[in-house]
Amino acid sequence: MRTLISRAAVVSMDDTIGDLPRGDILIEGGVIAAVGADLGVTDAEVIDASTMIAMPGMVDTHRHTWQTALRGILADGNIPDYLRGIRLQMAPRYRAADMYAGNYVGALDALNCGITSIVDYCHNILDPDCAHAAVSGLRDAGIRGLYGHGLTPITSNTWGESLGGSEGDADPADLTTRARLATSIRQEYFSADGLLRFGIAPQELAIAPAAQVAREFALARELSARITMHANQVMVRQLFKDVEVLDAHGLLGDDVLLVHCTFNTDEEWRMLEGTGTTVSVCAETEMQMGMGYPAIAEVTTHTPGPSLGIDCVSGNGGDMISHARLVLQASRYRADEPGYQRWMAPQEMSWTTRDALRWLTVNGARAAGVDDVVGSLTPGKRADIVLLEMGGISQAGWNRLDPAGAIIAQAHAGCVDTVLVDGRVVKRGGQLVHVDVPGALRTLADSHEHLYDEMARHGGFIPQPPIDIPLYRERA
């Protein structure tokens, strides 16, 4: 089947092709076959994009998709609230049906926002049924993604007992059990040519000894799984320096995607250089929850380049364009701030909208391990493409000389008109067209009702008195 996207303003993110004020994109068999000003194709299904900007599908490199049914419950929450409310109170009450609903509708939310690929950090695997359900939700949604199979054992006291820097879960037999499940999931659902790829999310160094985390890294590499892991997102220097520990155990590498790194030391940033390790910046969560300032400048300097993650949908929404705009402006302010102390106005722009667009596309694809497949509108890559409608009253007059600037500075998720994944149209005319949307909403509503009933039955989101978290006790 041949599809022609016709007369779009094209932002290819391919340095050879560049931007086209008016261009066509030809898709054959799920692959981008050609990109040009006027391809002259007459024997293809035509998508008229004359009022739209065509861009690569966005890549969200860190999302706890399973939390979708708890959307917004952490709107005013910080890290202790997250640990007490989500990880200790709600996570153990999830059924397999809730894991399916969260991942299914959460992935549909991503597609609806123009995110064609996600790194799903699925660290709520209570039992094998939950793992099967989580993968099935992603698969049924039709999204491209890395399923990050979490190795954190989930019980009502896992975090409360081990966050104080104790040995945590160090039972080798338990790791063997979790390894057996990970291997089974890997073999059952993941093929080399599928939309989904298999990853491992090891336990955090805050809750497990380094030797155990090293064994989990070894398991991931035995399974050819990409590794994604939270690192240095809390300011407790007395307890751990995650990057330093990973470096000391020889665990850094180009198959590793770290998340946050907001409290890396200068030496830890230097340790990342040359390793190929990537970092996902999740600014809304970081700035809200007391996890530090988004480390765009440091990640740019010391790694292959930053990507962005939505992170906790239990706290913030899934609009990646607006997220990128927030990160861009926050990073601009931080770059300019030293001059303000000397009463000096900025003389040049530190970060550009094209930088921000790169975070969403090319860099995101690299961090997810799919930059050879997606991330730019390059002939030969798979056709993950987003069309943004710019013909409405709120976008009228947009700068056609700089479509990348128009995307980041003026657009938002509501502009996403059409989405293709692997050449398949999943959204058209502003509506998802490949699934039963009312059925999906009923699925999530059932999960939402169950979880809120469980929450009420067990004393609310954060029961009183709050559960003690040793990590956050006051220290001398």
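The values are calculated or read from the model by the stated rules, or taken from the named source; none is laboratory data. Because the structure is predicted, anything quoted here is derived from the model rather than measured. Neighbour counts are summed over all protein chains in view; Cβ atoms, including those assigned to glycine, are modelled from backbone coordinates with ideal geometry. SASA here: full protein model, heavy atoms, side chains in, ligands and nucleic acids out. Shrake-Rupley method; radii C 1.70, N 1.55, O 1.52, S 1.80 Å.
What do you reckon, is Pro202 open to solvent by 10 Å² or more (accessible area, probe 1.4 Å), assigned by the TED database to the domain that holds Ala134 and over 23 Å from Ser331 (Cα atoms)? The answer is no for Pro202.
Selection of the stretch 259-303 for residues being farther than 13 Å from Glu244 by Cα, of a type in the set (A, V, I, L, M) and open to solvent by 20 Å² or more (accessible area, probe 1.4 Å) yields Met287, Ala297. Put simply, of Thr378, Thr418 the only residue that is modelled with pLDDT of 95 or more and in a strand (DSSP E or B) is Thr418. When Glu286, Glu298 are checked against the criterion of being at pLDDT 95 or above, in contact with a Gly (Cβ under 8 Å, 6 or more places away or on another chain) and in a helix (DSSP H, G or I), a single residue qualifies: Glu286.
Scoring Ile408 on the criteria (1) in the same structural domain as Thr277 (by the TED database); (2) in contact with a Lys or Arg (Cβ under 7 Å, 6 or more places away or on another chain); (3) hydrophobic (A, V, I, L, M, F, W, C) leaves a single failure, condition (1). Going residue by residue through the stretch 340-353, is there one that turns out to be out of contact with any helix residue (DSSP H, G or I) (no Cβ under 8 Å at 6 or more places or on another chain), closer than 23 Å to Met289 by Cβ and part of a helix (DSSP H, G or I)? Checked against the condition, which is being out of contact with any helix residue (DSSP H, G or I) (no Cβ under 8 Å at 6 or more places or on another chain), closer than 23 Å to Met289 by Cβ and part of a helix (DSSP H, G or I), the stretch 340-353 yields no hits at all. With the structure loaded, tell me whether Asp24 is over 19 Å from Val373 (Cβ atoms) and either assigned to a strand (DSSP E or B) or not basic (Lys, Arg) (or both) or whether it fails that test. Yes: the conditions hold for Asp24. The combined condition, being touching an Asp or Glu at 6+ places or on another chain (Cβ under 6 Å), of a type outside the set (Phe, Trp, Tyr) and either open to solvent by less than 10 Å² (accessible area, probe 1.4 Å) or more than 20 Å from Leu257 (Cβ to Cβ) (or both), is fulfilled by Ala365. Of the residues making up the stretch 308-326, those that are part of a helix (DSSP H, G or I) and open to solvent by less than 10 Å² (accessible area, probe 1.4 Å) are Met320, Ile321, His323, Ala324. Tyr189 falls short on exactly one of the conditions (1) surrounded by 18 or more Cβ atoms within 10 Å (Cβ to Cβ); (2) in contact (Cβ under 8 Å) with a residue 40 or more places away in the chain, and that condition is (1).
Just one of the numbered conditions (1) touching a residue at least 40 places away in the same chain (Cβ under 8 Å); (2) open to solvent by less than 20 Å² (accessible area, probe 1.4 Å) is not true of Leu251: (1). Within the option set Leu308, Leu387, being out of contact with any His (no Cβ under 7 Å at 6 or more places or on another chain) and modelled with pLDDT of 95 or more holds for one residue only, Leu387. Among the conditions (1) in a helix (DSSP H, G or I); (2) among the aliphatic types (A, V, I, L, M); (3) closer than 20 Å to Ala8 by Cβ, Ala330 misses just one, which is (3). Ala33 versus (1) without any contact (Cβ under 8 Å) to a residue 12 or more places away in the chain; (2) more than 25 Å from Trp398 (Cβ to Cβ): which is the lone unmet condition? Only one criterion in (1) without any contact (Cβ under 8 Å) to a residue 12 or more places away in the chain; (2) more than 25 Å from Trp398 (Cβ to Cβ) is unmet by Ala33, namely (1).
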